[in-house]
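What follows is one structure encoded as structure tokens, with my remarks underneath.
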Amino acid sequence: MSAESLERTRPPEPGPVRNFDFPAVTRVRLGADDAPELLTARHGDVPLVTAQVVVEGGAAAEAAARAGIARLTSSALEAGTRRRDEEALAWELESLGVDLETAASWDAATVGVTVHVDRLDPALELLAEIVRQPAFPADPVHRIRDEQLADILQRTKEPRALASDAAARFIFAADVPYARPILGHRDTVGDLGPAQLRAFHEARYRAGSAAIIVTGAADPDRAREVVTRHFGDWRGRPADPAPFDVAPRAEETRVHIVHRPGSVQSEIRMGHVGVDRHHPDYFPLTVMNTILGGAFTSRLNMSLREKHGFTYGARSGFGFRRRPGPFSVDVAVASDVTARAIDEALREIEGLRQDGPTADELDSARDYLRGVMPLKLQTTTQVASRLAELVVYDLPDDYFDTMRDRIAAVTREDVHRVARENVRPDRLAVVVVGDAEQIETPLRELDLGPIEVHEIPA
């Protein structure tokens, strides 16, 4: 085809959604109810294996007075074991050619490695030692704690983080764990030390509620053999559940300005309590949010970025957790268009609630979500993360096999209904981090609800 014959007046049509099969999942328990589960999935042609241990060590289980301990405990696993100090552990990991990955979300903590399949046995031996026998020595723990304290302080100086933390505080009632930062506060983290971390580890890193995940080049029988060798005698009753009720801070729309003198931009968050991961409308909600603010071509981005030029990007999303997380709209704009941007965002929300999506929007969103799914499952680590979701959210093993079909089955009526039921502009926490002297008067003219001005925490 010559350059002269190319059609340049319209974008090319999207191709068909390619077939994709999620790897077969094998699940067994390594003993009675006080033993961990093992989930395996053979994936890819590269000779790599990802192994993860998933435990009930998420931040939702923290006591409010020790907020941040889940993240600190997971980070401090790198500080050494009963057999190896920090330096020796780092050397052993390096000799195997792996990086130790630790993380704590609201719902779980994960510890994992990715390694060449030939080194799976020594890697799992080391992983078991890290998870089951951490030492939490004083000097490394105090250093890691100070690094977390520095991160907490930095979040009060960075507008995006400050806005997100403030939004959580104003969306959720004060006694809801989600109202606080997952890193904790300086006064809750500052007094944490080895004794508190050992107690949290003992209470939450328990075999009976743990899962071991192996994905990649190892077949299920080989994975079970190696895992049994290093975790087969791990026993312990399941960790106690961390039930709590989720309630909003307010039942009506309120505006909160976090005063940042001299700021030339406003970080905007508008949100309310959303729904949990097990909500029966999870797929219609996912499609609806893709149309509203979950993709570049979403209504919010097309309006605030492309039409009005207010921002480089606008987005929305649900924080799907075991308990209802937040629904939030996020955007940053120049100070002088703050009120206009909020007004336009609310117009887009109300338009979707009133009229529902167009047929083209629905088709585009469904095709996008189905099309990007394989891109999120290319590596062994990505597949392991999906298996972790099966464990954490108690999903069936064939969940990802049916995901594309369930997205394709979402109708225009479904999207319209969940937009009306689950996006509530009448109960938003509208949070703006910016210069109150510039933005307060225009925001009052919108007449959204009561306005409070807050100082940045010292």
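The values are calculated or read from the model by the stated rules, or taken from the named source; none is laboratory data. Treat the numbers as computed from the prediction; the structure is a model and nothing was measured. Here the Cβ positions follow ideal geometry from the backbone for every residue, glycine too, while neighbour counts run over all protein chains shown. For the accessible areas, the whole protein counts, side chains as well, though only heavy atoms, and no ligand, DNA or RNA atoms are used. Shrake-Rupley method; radii C 1.70, N 1.55, O 1.52, S 1.80 Å.
What the table below lists for this structure:
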| item | result |
| --- | --- |
| Any hit, the stretch 241-255, residues being under 24 Å from the mean Cα position of the chain (by Cα), closer than 30 Å to residue 438 by Cα and not charged (D, E, K, R) | yes |
| Test result for residue 225, at pLDDT 95 or above, open to solvent by 40 Å² or more (accessible area, probe 1.4 Å), of a type outside the set (Ser, Thr, Tyr) and part of a loop (DSSP other than H, G, I, E, B) | no |
| Condition broken by residue 228, with the remaining ones in (1) out of contact with any helix residue (DSSP H, G or I) (no Cβ under 8 Å at 6 or more places or on another chain); (2) polar (S, T, N, Q); (3) closer than 20 Å to residue 451 by Cβ satisfied | (3) |
| Matching residues in the stretch 433-451 - criterion: being over 29 Å from the mean Cα position of the chain (by Cα), touching a residue at least 60 places away in the same chain (Cβ under 8 Å) and outside any loop (DSSP other than H, G, I, E, B) | 436, 437, 438, 439, 440, 442, 443, 445, 446, 451 |
| Qualifying residue in the stretch 402-411 (condition: part of a loop (DSSP other than H, G, I, E, B) and either open to solvent by less than 40 Å² (accessible area, probe 1.4 Å) or of a type in the set (A, V, I, L, M, F, W, C) (or both)) | yes |
| Criterion: modelled with pLDDT of 95 or more and touching a strand residue (DSSP E or B) at 6+ places or on another chain (Cβ under 8 Å) - qualifying residue of 258, 287 | 258 |
| Enumeration of residues in the stretch 180-216 that are buried (at least 20 other Cβ atoms within 10 Å of the Cβ) and of a type in the set (Gly, Ala, Ser) | 184, 207, 209, 210, 211, 216 |
| Every pair of residues 6+ apart whose Cβ atoms lie under 8 Å, when the first sits in the stretch 54-69 and is charged (D, E, K, R) while the second is assigned to a strand (DSSP E or B) | 56/109 |
| Residues (acidic (Asp, Glu) and in a helix (DSSP H, G or I)) located in the stretch 133-176 | 139, 146, 147, 151, 165 |
| Conditions (1) out of contact with any Leu (no Cβ under 8 Å at 6 or more places or on another chain); (2) of a type in the set (A, V, I, L, M, F, W, C); (3) at pLDDT 95 or above: number failed by residue 1 | (3) |
| Top-ranked residue in the stretch 123-164 [being of a type in the set (Gly, Ala, Ser) and more than 16 Å from residue 180 (Cα to Cα); ranked as nearest to the chain's Cα centre (by Cα)] | 150 |
| In the stretch 324-335, the residues that are open to solvent by less than 20 Å² (accessible area, probe 1.4 Å) and assigned to a strand (DSSP E or B) | 325, 327, 329, 331, 333 |
| Filter result for residue 65 (touching a helix residue (DSSP H, G or I) at 6+ places or on another chain (Cβ under 8 Å), crowded, with 18+ Cβ neighbours inside 10 Å and modelled with pLDDT of 95 or more) | no |
| Breaking point among (1) modelled with pLDDT of 95 or more; (2) over 15 Å from residue 269 (Cα atoms); (3) of a type in the set (D, E, K, R); (4) over 20 Å from the mean Cα position of the chain (by Cα), for residue 398 | (1) |
| Any pair with Cβ under 9 angstrom, 6 or more apart, that starts in the stretch 241-264 at a residue that is in contact (Cβ under 8 Å) with a residue 60 or more places away in the chain and ends at one that is assigned to a strand (DSSP E or B) and charged (D, E, K, R) | 254/452; 255/452; 256/452; 257/452; 258/267; 258/455; 259/455; 260/267 |
| Residue within the stretch 68-76 that is buried (at least 18 other Cβ atoms within 10 Å of the Cβ), under 20 Å from residue 390 (Cβ atoms) and among the polar types (S, T, N, Q) present | no |
| Filter result (in a helix (DSSP H, G or I) and touching an Asp or Glu at 6+ places or on another chain (Cβ under 8 Å)) within the stretch 336-380 | 339 |
| Hits in the stretch 96-105 - residues which are at pLDDT 95 or above and either more than 17 Å from residue 209 (Cα to Cα) or open to solvent by 30 Å² or more (accessible area, probe 1.4 Å) (or both) | 101, 102, 103, 105 |
| Flag for residue 269 being under 22 Å from residue 365 (Cβ atoms), surrounded by 16 or more Cβ atoms within 10 Å (Cβ to Cβ) and touching a Ser or Thr at 6+ places or on another chain (Cβ under 6 Å) | no |
| Considering residues of the stretch 228-239 that are among the hydrophobic types (A, V, I, L, M, F, W, C) and open to solvent by 10 Å² or more (accessible area, probe 1.4 Å) only, the residue farthest from residue 55 (Cα to Cα) | 234 |
| Any hit, the stretch 303-323, residues being in a helix (DSSP H, G or I), open to solvent by 30 Å² or more (accessible area, probe 1.4 Å), touching a helix residue (DSSP H, G or I) at 6+ places or on another chain (Cβ under 9 Å) and aromatic (Phe, Trp, Tyr) | no |
| Residue 48 vs. criteria open to solvent by less than 40 Å² (accessible area, probe 1.4 Å) and either at pLDDT below 95 or not aromatic (Phe, Trp, Tyr) (or both) | no |
| Total residues in the stretch 347-382, condition of a type in the set (Lys, Arg) and buried (at least 17 other Cβ atoms within 10 Å of the Cβ) | 3 |
